[in-house]
Structure formats: structure tokens, C-alpha cells
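J.: Just passing along the structure, written as C-alpha cells.
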Amino acid sequence: MRVCTLGSGSTGNALLVEGPGGLLLVDAGLPWRELQARASRAGFSLKGLQAALLTHEHSDHVRGLDPLLRRGVEVYASAGTLRALGIRGTALAPGIELGGIRVFPFSTSHDAAEPVGVRLEANGSRVGIATDLGQVTSAVLEALDGCSTVVLEANHDVERLLAGPYPWPLKLRILGPEGHLANEDAGQAIRLLGDGVREVLLAHLSLENNTPSLALETVAAALDGWKGRLYLTYPDRPSVVVGA
């Protein structure tokens, strides 16, 4: 499998996974034309895209959904997410196959109806995706165990968030167990997953409460001796393509 984020952050989230049977779009937070343009920049074509998987119903993950529905793209999500959006789709079940990729959803801790992360399996490789979560639970770690490529949230630096301009209730939401993951927590999670993880894409970086260099430095500091590679994702352009 090959993985590339087309956009990551509060302005819009979308991620492409190339499996043996075609492309799977994870989240649809960008307009169709922007999805096409960014996919092309990364070396992919969305022609014939058949499936989109939604992790939850927040607008930065679904605001580009309507054009996909009009094009006949089948939508997969948790039953709670489908109800929250008020759309028809297919409820995710463990082991469902999309484009030759077996999908194993797992619960995440976020303030949405029924948010999920996913472990994707194909041709003996595993990719884990866990963004928009306030804490890394034992269930999340168990789901990501054995993944060689992981897309994991590194949303904010705690000190920067506390000193920043956000109103206090919003700060509490972000810091809470159903909010977003801090850089330090992302680093600890990767350390616990161990050397089986070869590549990590740091996702959903806050423009106000984080910087790319701060995210990389903080996560790397928790990974002394780790032999994998860290990559950044971006709100306005595709990330590097990882996986094989």
C-alpha cells in the first residue's frame, strides 16, 4: 500500500491509500477540484474512485462529501457517523474489503458521534490511521500494533496552546480526553508501538498552537534510538508518499 495525505488540519482533511484494487479516500474535507489537483501533484488520478471512508462527521473531514456522492462514490463510515450526517452509506464492519484493502475500524476518543481510526491490511502490510483523538488508549495501541506505516495526530504543543489566543473553553476541549493529541503524547505512543513502525506521518498540526519544527523535535525527543522516519503533513499540499 502507498499512503499520501492530500490535506491535513482544520482547513480540510483527506488521505489517499493505494491498494491492490485501486484507491481508497479516507475523509473528504476538501472540494473535488482541490482533491483532484492535489492527487495529481502526488502522482495519483482520482478517475474511477469508488470508495470513501469517513472517520467522523466534523466539517473539516466531510465538507467535500456532496460532490463525491453525486459522482457515485460509495461512502463507508461508522453507523453513528452516517446517522449524524443523515446520509446513506455502508456501516463499517471489521474486515470489510475496499479496493483490495481489508479495513479494521477501531474506536477513538473524540467529541463526535462515533469516531473511528482504521487499520488497513493488504498484501501482508498494515497501515494505521488515527487522527482527531484526545488520548491514545490501550485499544488504539492494540489496533496499531504491527503497522509499519502510521498516520498519527500531533496537533498541538501544550504550552503554546495555553499561552495562545484561544478562549479558555476551547483550550479545555482541545486538552480534554475527547479533544486532540499533543506532540508529547504522539511521541510516547510511537515509542510504545516500537520498532515495527517504520514510517510515521504526523497529522492535523494546528496552525495556531504548533509549528512543523516543534512537532518534529518534540516527537523525535521521545524516540531516542528509534530507527523509523518521521514525516510532516500539510494543510495546503500533499505530503510525501510513503509505503510500498
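J.: Just name the residue that is nearest to LYS171 (Cα to Cα) out of those in the stretch 200-228 that are within 17 Å of the chain's Cα centre (by Cα) and exposed (fewer than 14 other Cβ atoms within 10 Å of the Cβ).
T.: Ranking the candidates gives LEU207 first.
J.: Select, from ALA163, ALA182, the only residue that is closer than 24 Å to PRO235 by Cβ, modelled with pLDDT of 95 or more and surrounded by fewer than 20 Cβ atoms within 10 Å (Cβ to Cβ).
T.: Result of the check over ALA163, ALA182: ALA163.
J.: Something else about it: Taking the stretch 124-136, which residues are in a loop (DSSP other than H, G, I, E, B) and touching a Gly at 6+ places or on another chain (Cβ under 8 Å)?
T.: Hits for the stretch 124-136 are THR131, LEU133, GLY134.
J.: May I ask you to list the residues in the stretch 101-124 that are more than 19 Å from LEU82 (Cα to Cα) and at pLDDT 95 or above?
T.: The initial filter retains those residues of the stretch 101-124 that are more than 19 Å from LEU82 (Cα to Cα), namely 101-102, 119-124.
Listed by number, the residues that qualify are ILE101, ARG102, ARG119, LEU120, GLU121, ALA122.
J.: Can you find a residue in the stretch 142-151 that is in contact (Cβ under 8 Å) with a residue 12 or more places away in the chain, part of a helix (DSSP H, G or I), within 18 Å of LEU193 (Cα to Cα) and within 16 Å of the chain's Cα centre (by Cα)?
T.: yes
J.: Something else: State whether the residues of the stretch 51-59 include one that is in a strand (DSSP E or B) and out of contact with any Asp or Glu (no Cβ under 9 Å at 6 or more places or on another chain).
T.: For the stretch 51-59, residues in a strand (DSSP E or B) and out of contact with any Asp or Glu (no Cβ under 9 Å at 6 or more places or on another chain): absent.
J.: Another question about this same structure. Would you mind finding the one in PRO94, PRO105 that is free of Cβ contacts under 8 Å to residues at least 40 places away in the same chain and not in a strand (DSSP E or B)?
T.: Just a single option satisfies the conditions, and that option is PRO94.
The values are calculated or read from the model by the stated rules, or taken from the named source; none is laboratory data. Small disclaimer: the values here were computed from a predicted structure and weren't measured. With ideal geometry, Cβ positions are generated from the backbone for all residues, glycine too; neighbour counts draw on all protein chains shown.
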